Amino acid sequence: MVKRLSYEDSYRFLQKEGWEGAGEVPQIPERPPRYDDEILGLSFFRTFVEDAKLENLTIPRTYFSRSKVSNVSFVRTDLAESVANWNDFENVSFSSSDLTGIDFRACVLRRVQFDNALLKNADFRCCEFEECTFIGANLEGAKIKRGTGASLELSTEQREQVLWQEDDGPEPDGG
């Protein structure tokens with residue numbers, strides 16, 4: 001198995017690939033990012049991310065908003081405590097990734113693979129799912145609206161792990 005890059009090496013890789021501008025590597029934020037933070041760290045805002053292999057990276061607390069992410073692989077990438085509100089993800093693989101505490105609220109998720117991903121305490125409220133897979137994923141404490149989750153192909157164990165919500169709750173900020 002390929003080893004995951006350090007945060008600094010991951011950021012330098014993103015710079016080399018043109019996803020981030022030149023300059024110093026920012027510190028990882030001390031908490032999950034918010035839309036109104038003056039300094040976000042690594043972010044994809046109003047960005048079109050297409051046909052990219054962003055695998056084996058360590059980029060926790062990354063901020064995604066108002067972006068379209070299509071045909072992208074985040075396989076084995078650490079995106080723990082990231083915020084990804086108001087995005088469209090299509091043909092994306094998060095397989096074997098660490099998505100602990102990620103906030104996916106208000107996203108459209110089409111043909112997204114979460115196979116063997118760590119999704120503990122992830123928030124999927126206000127999401128639309130189409131043809132997503134969760135084979136072997138850990139969904140302990142994940143929030144999903146009961147009606148939305150009924151159509152997801154989850155194992156009995158996964159259904160027991162989810163913290164089912166009766167409604168979507170409030171929309172995320174920044175909308």
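Things to note:
- Of the residues making up the range 96-122, those that are among the hydroxyl-bearing types (Ser, Thr, Tyr) and more than 20 Å from Arg159 (Cβ to Cβ) are Ser96, Ser97.
This table checks each residue for (1) touching a helix residue (DSSP H, G or I) at 6+ places or on another chain (Cβ under 9 Å); (2) closer than 20 Å to Val108 by Cα; (3) not hydrophobic (A, V, I, L, M, F, W, C).
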{"site": "Tyr7", "(1), (2), (3)": "no, no, yes"}
{"site": "Arg12", "(1), (2), (3)": "no, no, yes"}
{"site": "Phe44", "(1), (2), (3)": "no, yes, no"}
{"site": "Phe48", "(1), (2), (3)": "no, yes, no"}
{"site": "Asn56", "(1), (2), (3)": "yes, no, yes"}
{"site": "Phe64", "(1), (2), (3)": "no, yes, no"}
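- Residue check, Ser10 in a strand (DSSP E or B), open to solvent by less than 80 Å² (accessible area, probe 1.4 Å) and of a type outside the set (A, V, I, L, M, F, W, C): no
- Close Cβ contacts (under 9 Å, 6 or more residues apart or on different chains) running from residues in the range 146-162 that are free of Cβ contacts under 8 Å to residues at least 40 places away in the same chain to residues that are open to solvent by 50 Å² or more (accessible area, probe 1.4 Å) and of a type in the set (A, V, I, L, M, F, W, C) comprise Arg146/Trp164; Gly149/Trp164; Glu153/Ile135; Ser155/Ile135.
- Condition check for Ala84: surrounded by 22 or more Cβ atoms within 10 Å (Cβ to Cβ) and part of a strand (DSSP E or B): yes
- Note on the range 26-81: residues that are among the polar types (S, T, N, Q) and in a loop (DSSP other than H, G, I, E, B) amount to 6.
- For Ser65: the one exception among (1) closer than 24 Å to Lys3 by Cα; (2) in contact (Cβ under 8 Å) with a residue 60 or more places away in the chain: (1)
- Residue pairs whose Cβ atoms lie under 6 Å apart, separated by 6 or more positions or on different chains, with the first residue in the range 28-51 and under 19 Å from Phe74 (Cα atoms) and among the β-branched types (Val, Ile, Thr) and the second open to solvent by 40 Å² or more (accessible area, probe 1.4 Å) and not in a strand (DSSP E or B), are Ile28/Arg61.
- Filtering the range 151-164 to residues that are surrounded by fewer than 16 Cβ atoms within 10 Å (Cβ to Cβ) and more than 13 Å from Phe124 (Cα to Cα) leaves Ser151, Glu153, Ser155, Thr156, Glu157, Arg159, Glu160.
The values are calculated or read from the model by the stated rules, or taken from the named source; none is laboratory data. This structure is a prediction, so every number in the text was calculated from the model and none was measured. Every residue, glycine as well, gets a Cβ built from its backbone with ideal geometry; the counts of neighbours run over all protein chains shown. Heavy atoms of the whole protein, side chains included, go into the accessibility calculation; ligands, DNA and RNA do not. Shrake-Rupley method; radii C 1.70, N 1.55, O 1.52, S 1.80 Å.
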